[in-house]
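See below for the structure under consideration.
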């Protein structure tokens, strides 16, 4: 374990071991904070802070942004728990990738699509996904994983329709990945 | 004292430290599992790599069993834990839209942040789209609000919905997960050359 071979990135962990580890982190989140983990909520907080910075009256009058900024701008969305949690996530993932020799500037794509189109597809996917996550009140982390473990009805409905839609559109997007 | 700890009483330092540490561990777990890799993630939908299902359902089962056991031992006060609320239609439709975005974009929000943090530029583009889409949703919120708040359900959890004991539902989820793992292993063996 003396010399981490940078040229040969280490293999990923066994999925069941990694999954059990993730489950224990989620359990710890419940025990310490009373709620689970999340991700897309941080985007809502960051966007609300941005709108508040540019157009405070507009932000506070809007019930979506206003829920984060407060009706008088008294709340600080950027110091919300979820924003700090995602900041930790980014730092943890970067450290983990670097330590395993996996940190590399690259574009993940299948052989049937160029870098430019892949970046556009990723941006479009993120935009679409944001709508789904906000309509559902959470994403795979905050609703699927967290709500799934808490046996929330809505979480299991979300997981079911998410996987169904994924399998339904995958053949149409095959060239992006295979 | 039983969990959860009253964080609001322990001050802003504990609030920030718990967020950064738990988030950090979350990021390490996702990166180690390989879930910051778009081709690995989307392999789920092409029958070649079931890491998404395996990691997610092992995590759900682990946490669910932990909550059940700690609750039974009186070490955690279950009534104080947040259960995400159910709004049937918007969550069903939200899941459909999310699934399309997942295969198109290649990541979900948490795995997208993981991938961006490990140097992937496509994941950075996805995160930008995520912020743009969230802004559009916020601007359109007054028109979407009726649907967003439609079909709230009184039953918060699967045991309440089915009228079953929690232990029975937990056992059912464990059996379904194990069956799913068996199918996933079989399909992966079949798809590898």
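Here are some notes:
- Any hit, the stretch A:97-108, residues being crowded, with 19+ Cβ neighbours inside 10 Å and outside any loop (DSSP other than H, G, I, E, B): yes
- Hits in the stretch B:145-172 (condition: within 7 Å of chain A (Cβ to nearest Cβ) and either surrounded by 15 or more Cβ atoms within 10 Å (Cβ to Cβ) or touching a strand residue (DSSP E or B) at 6+ places or on another chain (Cβ under 8 Å) (or both)): B:148, B:153, B:156, B:157, B:158, B:159, B:161, B:169
- Considering (1) part of a helix (DSSP H, G or I); (2) touching a helix residue (DSSP H, G or I) at 6+ places or on another chain (Cβ under 6 Å); (3) within 25 Å of residue A:171 (Cβ to Cβ), the lone condition that residue B:48 does not fulfil carries the number (1).
- No other residue among A:60, A:116 is surrounded by fewer than 18 Cβ atoms within 10 Å (Cβ to Cβ), more than 7 Å from chain B (Cβ to nearest Cβ) and either assigned to a helix (DSSP H, G or I) or at pLDDT 95 or above (or both) apart from A:116.
- Within the stretch B:128-139, the set of residues being closer than 16 Å to residue B:104 by Cβ and either touching a strand residue (DSSP E or B) at 6+ places or on another chain (Cβ under 9 Å) or buried (at least 24 other Cβ atoms within 10 Å of the Cβ) (or both) comprises B:129, B:130, B:133.
- Sole exception among (1) buried (at least 17 other Cβ atoms within 10 Å of the Cβ); (2) in contact (Cβ under 8 Å) with a residue 12 or more places away in the chain for residue B:18, by number: (2)
- Some residue of the stretch B:85-108 being touching a helix residue (DSSP H, G or I) at 6+ places or on another chain (Cβ under 6 Å), more than 7 Å from chain A (Cβ to nearest Cβ) and over 30 Å from residue B:167 (Cα atoms): yes
- Taking the criterion of being assigned to a loop (DSSP other than H, G, I, E, B) and either away from every other protein chain (no Cβ under 11 Å) or at pLDDT 95 or above (or both), the residues of the stretch A:12-34 that qualify are A:12, A:13, A:14.
- Every condition in (1) surrounded by 23 or more Cβ atoms within 10 Å (Cβ to Cβ); (2) at the interface with chain A (Cβ under 7 Å from one of its Cβ atoms); (3) assigned to a helix (DSSP H, G or I); (4) within 16 Å of the chain's Cα centre (by Cα) holds for residue B:41 except the one numbered (2).
- Those residues of the stretch A:136-149 which are surrounded by 24 or more Cβ atoms within 10 Å (Cβ to Cβ) and without any contact (Cβ under 8 Å) to a residue 40 or more places away in the chain, in sequence order: A:136, A:143, A:144, A:148
- Annotation: residue B:34 fulfils all but one of (1) farther than 20 Å from residue A:82 by Cα; (2) assigned to a helix (DSSP H, G or I); (3) facing chain A (nearest Cβ under 7 Å); the unmet one is (2).
- Reported count of residues in the stretch B:44-61, each being under 21 Å from residue A:113 (Cβ atoms) and surrounded by fewer than 23 Cβ atoms within 10 Å (Cβ to Cβ), is 4.
- Residue within the stretch A:92-99 that is out of contact with any strand residue (DSSP E or B) (no Cβ under 8 Å at 6 or more places or on another chain), in the same structural domain as residue A:33 (by TED's automatic domain parsing), free of Cβ contacts under 8 Å to residues at least 12 places away in the same chain and over 19 Å from residue B:114 (Cβ atoms) present: no
- Single match in B:151, B:114, B:134 (criterion: within 20 Å of residue A:160 (Cβ to Cβ) and touching a helix residue (DSSP H, G or I) at 6+ places or on another chain (Cβ under 9 Å)): B:151
- The single residue among B:120, B:143 that is at pLDDT 95 or above, closer than 22 Å to residue B:49 by Cα and out of contact with any helix residue (DSSP H, G or I) (no Cβ under 6 Å at 6 or more places or on another chain) turns out to be B:120.
The values are calculated or read from the model by the stated rules, or taken from the named source; none is laboratory data. Predicted, not measured: the structure shown is a model, and the values here were computed from it. With ideal geometry, Cβ positions are generated from the backbone for all residues, glycine too; neighbour counts draw on all protein chains shown.
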